[in-house]
Amino acid sequence: MAWLEPLLAHFALYPAHLFLLLFGIALSKSTVVLSSLLPPASVMLLASISISQPSLTVGEVWLAITLGAALGSILSFHFGALIMRNKLSTGLLTRHEEKLQNIRRKLENNGVLVLFGSRFIAVLRYMVPLAAGMLPLKRFRVYCVSLFSAAIWAALFVGITSGALLIIYPSDDLIKMQERMVSRKPIHVL
C-alpha cells in the first residue's frame, strides 16, 4: 500500500487529473467494448469517489461521472448505428443475438423507459444503447435520456459514497486529511 499515499497526494495537488480519472471510469463502464474488460462499476467508482473527497467538490465528482456515463451511452448508441449501417451485426454480435432481439422489442414498445432503466443494470447499461442505435430512434431523444439517466445514476453513487464517508470520517477528519494531502510536495512523473 506504499503506492497509495503518493497517489492520493498527487490527486490532492492535481484535482483535474482526478476529474479525468472519474470521467474515464464512468465512460468505460458505459461503453460496449471496455465495460466487459474492467471490474464492476460500483467497485471502481466507489474507490475513486472515496479518493476524490478531499480534492474535488461533490458537484465536480458528480459532473465527471455524469459526463463520462452519458458519453459512454452515446458512443454505444452510435456503435449500434454503425453496425447496422455497415451490416456488421452478423459477425460481431452472434453470441448476443437473442438478448439484442429481446432488447429491441422492448425498445420499440417503451423506448424511453427501457433506455432510462437500463442505466441502473450493469450489462444493460451498454447493451440497450447499442440496440437503440440499431433501431431508427431519434438521436436527440436518446441523448436526453442518456444524460438524464446518467445524472441520476451519478447522483446516487456520489450521494451514497459521500454519506458513507461522512459516517466513516466525520467532517473534521476529512478536513484534516485534506490538509495533510495538500501540504505535501507534488509528485513529478517523467
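Here the spin labels are modelled as points 7 Å beyond Cα on the Cα-Cβ line, and at GLU97 and ASN109 they lie 2.3 nm apart.
For ARG85 and ARG139 in one chain, what is 0.36 nm times their gap in residues minus the Cα-Cα distance, to one decimal in nm?
Numbers: separation 54, 0.36 × 54 = 19.44 nm, distance 1.50 nm.
Contour length minus Cα-Cα distance gives 17.9 nm.
Quick one: if the Förster radius is 30 Å, what FRET efficiency do VAL58 and LEU7 give, using the C-beta to C-beta distance and rounding to 0.05? The calculated FRET efficiency here is 0.90.
Net length available on complete extension from PHE120 to ALA155 is 11.4 nm, with 0.36 nm assigned per residue and the Cα-Cα distance removed. By the gyration tensor of its Cα atoms, with a ≥ b ≥ c the square roots of the eigenvalues, what is the shape of segment 101-165: rounded for a/c under 1.5, prolate for a/b over b/c, or oblate? The shape class here is prolate.
Just so you know, all these numbers are worked out from the coordinates, no wet-lab data involved. Worth saying up front: this structure is predicted, and the values here are computed from it rather than measured. Note that we place each Cβ from the backbone using ideal geometry, even for glycine, and neighbour counts take in every protein chain shown.
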